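What follows is a short report on a single structure.
The values are calculated or read from the model by the stated rules, or taken from the named source; none is laboratory data. Since the structure is predicted, the reported quantities are computational estimates derived from the model, not experimental observations. Heads up, the Cβs are rebuilt from the backbone with ideal geometry, glycines too, and the neighbour counts pull from every protein chain shown.
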Amino acid sequence: MEIKYRKVQQQDNPLLAKMIRGVIEEFNAPRTGTVYSDASTDTLFELFQEPKAVLWVAEYNGEAIGCCGIFPTEGLEKGYCELVKFYISSSVRGKGIGKELMVKSIASAKEMNFTHIYLESLPHFSKAISMYEESGFKIIEKQLGNSGHSSCNIWMLKEL
């Protein structure tokens, strides 16, 4: 299985939006107060044109099957970014694709001179949370920044 890792392209928008919403439905996670209801989920290419932002995409047979990125979320302290849009298609989970996307995102954050990576999640995504912990993220007590994701109730931080 040959996976290509690259930055998001405009033609990825519909496939990524469908995959992200599909994962949220699959895990029966909240649809309001999450990325599910964000208008920007349909225009990820445009969203990631922001300075100091990157969205990595895993591609298999010409199709986007996963994504993970770094974003300078409004309201975060200087030097902080957020790990965002970390979703993998159910058909390819457990093959190391998510880990590779996360490694690329963390490396991008370092290259962009961020000092900390923050993330928000939900108990529904327990496998991802254990992967975050293995990568050095620690659970923190409160939400940081203004992501608008009021349903997320697990917050984590990693010092770079």
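Just a few scattered comments:
- Complete set of residues in the stretch 147-160 that are part of a loop (DSSP other than H, G, I, E, B) and more than 20 Å from Arg31 (Cβ to Cβ): Leu160
- Every pair of residues 6+ apart whose Cβ atoms lie under 8 Å, when the first sits in the stretch 132-160 and is closer than 16 Å to Gly79 by Cα and touching a residue at least 40 places away in the same chain (Cβ under 8 Å) while the second is of a type in the set (Val, Ile, Thr) and part of a loop (DSSP other than H, G, I, E, B): Gly145/Thr73; Asn146/Thr73; Glu159/Thr115; Leu160/Thr115
- Some residue of the stretch 56-71 being within 23 Å of His149 (Cα to Cα) and among the charged types (D, E, K, R): no
- Among residues of the stretch 77-90 that are under 14 Å from Leu15 (Cα atoms), those with a beta-carbon under 8 Å from a residue that is charged (D, E, K, R) and modelled with pLDDT of 95 or more at least six positions away or on a different chain give the pairs Ser90/Glu26.
- Screening the stretch 11-41 for residues that are surrounded by 18 or more Cβ atoms within 10 Å (Cβ to Cβ) and in a loop (DSSP other than H, G, I, E, B) and picking the one that is farthest from the chain's Cα centre (by Cα) gives Ala29.
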